[in-house]
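The block underneath contains the structure these notes are about, expressed in C-alpha cells.
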Amino acid sequence: MVRPRPHVLQMEPYRPGKTPEQLQQELGLEELIKLSANENPLGASPRVVEAIQSALCHIHRYPDGACQILRDAVSAFYDLPEEHFVFGNGSDELIHLIGLAYLEPGDEVIMGHPSFVRYEASVQLNQAVLKRVPLDADYRHDLPAMLAEVTPRTKLMYIANPNNPTGTIVYRHELETLLNDLPDHVLLVLDEAYFEYVDHPNYPNGLDYVRAGKQVVVLRTFSKAYGVAGLRLGYAVGRPDLLDPIERVREPYNVNVLAQVAGAVALSDQEHVKRTRELNRQSLDTLQEACARWGLRTVPSYANFLLIEVGERCAEIRQRLLELGVMVRSGEGFGLPHFLRVNTGTPEQNAKFLNALQTALQSLK
Ligand SMILES: *Cc1c(COP(=O)(O)O)cnc(C)c1O
C-alpha cells in the first residue's frame, strides 16, 4: 500500500457544511437566508458583475501570472510599490503559502484562541508546533501573553484584527508595543480580512507598519466587504524580501482571470464599500439592541458579524433557526459552545433572523 506522509493523515480534511441550496431542499423551505459565512448581503458591486461578464470571452486563456492590471490598481490605491504585493486564491491560499515558505518541522507558531481556524492546517502540514493563547476576558487577543510564549523556535505569530469569530480588535498602542518587543526571528502576520468594516479611532492600519519597514505581512481579501468571496481573491502586503519566499512557492496561475478583473474593478467602486460599511453599522446596532433587550450577551464587534451568547442549548437553537429559514454558525466548532455567530444582513434579513431567534428561544423554554 502506498504510504502518505504520516503527519498529513493526522490532518482533518476541511468538511464543508451543506450548501444553502441543499438545506433549503431538504427542509422544504421557501426561503433560506445565509448569515453564516460573513458574506456581503449587498453582493458585489454591479460594476464588478458587469466587468466579469465582459471578461468571459477571455476564459480560454491562462491568467496573467503577474496579475499586472490588478497589481497596478492595488499599488496605486495604497500608494505602495508593486513589489509589496502577492496575490492569492483567497487569503486562505496565502496562509497556506506563508506556512510552506517559512515553516520548518519543530518551528513554533503562536495564535490566539479562538481565532481563524485556517492557521492551524498550515502549521500541521509543515510539522510545526501550534501554541494557542486564550483570548482575554473581553474576547480580545492577549498580546502580552502571546509575547510571553515566544521562544527561540518561534517563527510566526498570527493576529486576526478584527478577530474571527469574536469581531474584537487590538488597539494601535498594543500592537506597537508587541512589534517593538517581538524578536527578529518572528514574522508577524496581521490578518485584516475585515479591515474595511472597522470604525474605531485606535484601530491600527497594518500597512503603516509595512511602510515603516517592520517585519510584518498584512493579509487583505476581496471576500468580505468587497463581496466577491466566490471568485477567491486575497493578497499579502509586505516588504519585498519578506514576500520573496512566498513568490517562490506560489503556483504560476493561482489567481484566475475573472478574479483579477473583479479585484481591479471592485477597488474602483469605493461607494459600494461605503454603502456596505454603513449598512453593517446599522445592522450591528439593530442586532445588538435586540439582544440587549432580551438579556442576551453579545461581544462588541467591529467586523460584519456578531457573537451572541445563547447558552447551553446553542446547538438546538441553531437547528431551530435553520428550520425557520436562517443559517448561522454555532460557536462549537471554535471552542465557544454557548455562542452563535451571525453575520449582518439586509434590514429584512436582520428582521427575519431576530424573529426566528425569538421564536427559537421561546420554543425551547
Ligand atoms: C474570511 C477570512 C479569511 C479568508 O478569506 P478568503 O480571502 O476568502 O480566503 C481570512 N482570514 C479571516 C480572519 C477570515 O475571517
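Readers should treat all values here as calculations from the given coordinates under stated rules, not as data from a laboratory. Since the structure is predicted, the reported quantities are computational estimates derived from the model, not experimental observations. Glycine gets a Cβ as well: all are built from the backbone with ideal geometry, and neighbour counts include every protein chain shown.
Annotations
- Within the stretch 258-353, GluC sites (Glu not before Pro) in DSSP loop having at most 10 other beta-carbon neighbours inside 10 Å: Glu312
- Candidate lysines for bridging to Lys214, where Cα separation is under 18 Å - those fewer than 8 sequence places away on the same chain excluded: Lys155
- Seen from Cys291, the other residues with C-beta closer than 12 Å to its C-beta sum to a net charge of -1, counting Lys and Arg as +1 and Asp and Glu as -1.
- Cβ-based net charge around Glu149, under 14 Å, with every Lys or Arg adding one and every Asp or Glu removing one: 0
- The local environment of Ser75, defined by Cβ-Cβ distances under 15 Å, has a net charge of -1 under the rule Lys, Arg +1 and Asp, Glu -1.
- Inter-site label distance for Arg275 and Arg297 at 7 Å from Cα along Cβ, in nm: 3.8 nm
- FRET efficiency for the Leu361 to Asp199 pair, using the beta carbon distance and R₀ = 22 Å, is estimated at 0.15.
- The lysines whose alpha-carbon is closer than 17 Å to the alpha-carbon of Lys352, local same-chain residues fewer than 8 away aside, are Lys34.
- C-alpha center-to-center spacing [the stretch 180-202, the stretch 39-116] in angstrom: 18 Å
- Fewest-first sequence of Glu176, Glu192 by Cβ atoms within 10 Å of each Cβ: Glu176, Glu192
- Length gained on full extension, Leu80 to Leu125, computed as 0.36 nm times the residue gap minus the Cα-Cα distance: 13.0 nm.
- Distance (nanometres) between label positions extended 7 Å along Cα→Cβ at Ala66 and Glu176: 3.8 nm
- Extreme residue, positive dipole direction of the stretch 290-345, given options Asn304, Val342, Leu322 (C-beta unit charges): Asn304
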